[in-house]
Amino acid sequence: MKTISQQSERLGPDFARFWIAQGASSVGGQISELAVPLLAVLVLHASAGEVGLLGAVRWLPFLLLALPLGVLVDRRRRRPLLVSSDIARAVLTLVVVALAFSGLLTLPALVVLVGLLGAFTVLFEVGYQSFLPTVAGREHLERANGRLQATASAAEIGGPGLAGLLIQALSAPWALLAHAATYVVSAVALLRISTPERQPVPTGRSVLRDLADGLRFVGRDRYLVSLVGFAGIYNLFAQWVMVLFTVHAVRELGLTAGHLGLVFSLGAVGAVLGAAAAPTSVRRFGAGPVLVACAAAECVALAALPFVEASWTAPVVIAVLVVVFAINGAGTSLSSVVALTLRQLRTPDRLLGRVNATMRWLSYGVIAIGAAVGGVVGEALGTRTGIALGCAGTLLTVVWVVASPLRQVGDPRGLAVHDDGEAAR
């Protein structure tokens with residue numbers, strides 16, 4: 001059996017550096033995933049609606065900025081954009097920490113800073129997915145995406161647990177301070193990548209025309225449209241559920257920050273296994289059946305959340321939630337590897353930034369809507385009812401995937417296109 005280091009060497013030393021950068025960002029992201037809403041709930045005493053607003057602002061930049069930033073990614077070398085994004089996010093996170101430690105942090109200030117962090121996160125997300133084919137090579141994309149997704153899933157094991165411990169033992173600002181450090185690690189690793197990146201040839205056209213090319217390319221490809229629908233429907237309702245779950249877990253189920261960290265950490269084991277199983281699963285069953293099975297698993301698992309009772313003992317509540325998030329994580333992790341590989345194979349390099357941005361705009365932009373609507377529904381009907389309605393909505397994902405051409409896909413490489421946009425033969 002080959003070790004992880006041997007596998008990374010097969011993909012090249014620059015991929016190993018890219019892997020470190022992505023891993024550091026993933027750990028940091030998991031820390032803030034728990035630390036930011038708990039900072040709002042425990043320190044600023046935010047309501048369910050206010051936590052929903054915070055979640056919406058975090059994802060709103062995907063809706064507002066993804067498309068123009070996609071044009072930027074296709075017009076510039078991608079590595080400098082990634083480094084700049086990491087540095088900016090480190091500085092902004094330090095500002096949040098400084099305000100929190102000084103007692104000057106307010107909910108409006110946190111909302112603004114989270115929105116700015118979201119803007120640079122959009123740039124990083126669009127840029128890193130577009131830079132990966134340069135570092136790993138298109139022939140290794142499935143393996144490279146599997147490694148990256150497995151790492152992101154592994155970060156879900158350690159990140160929330162670390163955040164929960166830091167919040168419980170010290171405070172939420174200390175957890176965010178650790179997050180700032182991960183951005184620095186990522187920037188340093190990216191700076192050490194030596195793979196030459198060609199300077200994009202200027203198109204001589206306006207930003208709007210270049211932007212329209214990306215939208216048009218996605219709109220004309222039935223597989224990309226299907227992937228947008230898959231991600232968009234699921235992300236909208238899953239975010240609706242998760243915004244309310246944090247508030248519900250603390251106020252209704254009586255869980256502490258440490259308990260939540262434990263739930264998310266142990267539950268993330270499923271995500272690691274799902275990502276690791278991606279290449280074998282696709283080879284054995286085909287990409288389409290795998291995507292259908294993943295959609296069913298991740299949505300049905302979430303549907304158990306409204307039935308968890310506060311009257312159960314804490315160990316039972318934690319055990320049930322771990323199983324729920326393990327099954328959900330396995331489905332989302334495995335489907336993410338397959339979907340991202342399909343997207344990268346279907347898109348020529350000259351359009352990768354705009355296509356990735358378009359996909360993020362549509363599939364991640366709805367997360368802001370889900371967070372806002374979920375917060376409003378939870379405020380009006382209660383967190384348990386709000387979670388139940390959100391879980392019902394996620395089941396529409398299964399209907400979409402079954403009805404789409406995705407379920408018929410076998411080997412993803414059969415859908416690959418050349419750089420001129422023509423399908424490979």
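The values are calculated or read from the model by the stated rules, or taken from the named source; none is laboratory data. This is a predicted model, so every value here is computed, not measured. Counting neighbours? That spans all protein chains shown, and the Cβs are built from the backbone with ideal geometry, glycine included. The protein model used for the area step is the full one, side chains on, heavy atoms only, and it has no ligands, DNA or RNA in it. Shrake-Rupley method; radii C 1.70, N 1.55, O 1.52, S 1.80 Å.
The computed Rg and Dmax of the Cα atoms in Å for the structure shown corresponds, within (1) 22.5, 71; (2) 25.0, 88; (3) 20.5, 65, to (3).
In a fully extended conformation the segment linking Val91 and Arg283 would gain 64.8 nm over its present Cα-Cα distance, using 0.36 nm per residue. For Ser47 and Asp349, the difference between the fully extended length at 0.36 nm per residue and the C-alpha to C-alpha distance is 104.3 nm. A simple rule links phi to the HN-Hα coupling: the Karplus curve 6.51 cos²θ - 1.76 cosθ + 1.60 with θ = phi - 60°, which for segment 396-406 gives 4, 4, 4, 4, 4, 5, 4, 7, 8, x, 4 Hz, with x for Gly and Pro.
A Förster radius of 30 Å, combined with the Cβ-Cβ distance separating Ala380 from Val402, puts the computed FRET efficiency at roughly 0.40. Applying 0.36 nm per residue to the separation of Ala212 and Leu273 and subtracting their alpha-carbon distance, the gain on full extension is 18.1 nm.
As a fraction of the 1.4 Å probe accessible area of the chain, surface on carbon and sulfur atoms comes out at 67 percent. Simple rule: put +1 on each Lys or Arg Cβ and -1 on each Asp or Glu Cβ in the chain, find the dipole, and look at Ser194, Ser333, Leu389; the Cα lying farthest toward the positive end is Ser194.
The residues of segment 268-383 have, on average, 34 Å² of accessible surface per residue, using a 1.4 Å probe with all protein chains present. Assuming charge only on the beta carbon of Lys and Arg (+1) and of Asp and Glu (-1), the dipole of the chain about its Cα centre is about 1060 debye to the nearest 20.
Helix 257-267 axis versus longest C-alpha principal axis of the chain: approximately 40°, rounded to the nearest ten. Adding -39500 (n - 2.57) for every DSSP H run of four residues or longer, then dividing by how many residues the chain holds, sets the calculated 222 nm ellipticity at -27000 deg cm²/dmol. Amide hydrogen proximity for Val409: with H placed 1.01 Å from N in the peptide plane, the residues at 5 or more positions away or on another chain lying under 5 Å are Gly288. Among 118-126, 310-318, the peptide with the highest mean count of other Cβ atoms within 10 Å heads the list, and the full ranking is 118-126, 310-318. Treating r as the C-beta distance of Arg222 and Val188 and R0 as 45 Å, the FRET efficiency rounds to 0.60.
Relative contact order for segment 294-425: 36 percent, from Cα pairs under 8 Å spaced at least 6 residues apart, divided by residue count. Oblate is the label for segment 263-321. Its Cα gyration tensor axes, ordered a ≥ b ≥ c, give a/c of at least 1.5 and b/c at or above a/b. Coupling constants for segment 301-314 follow from the phi torsions by the Karplus curve (6.51 cos²θ - 1.76 cosθ + 1.60, θ = phi - 60°), and in residue order they are 4, 4, 4, 7, 4, x, 8, 6, 9, 5, 6, 5, 5, 4 Hz; glycine and proline get x.
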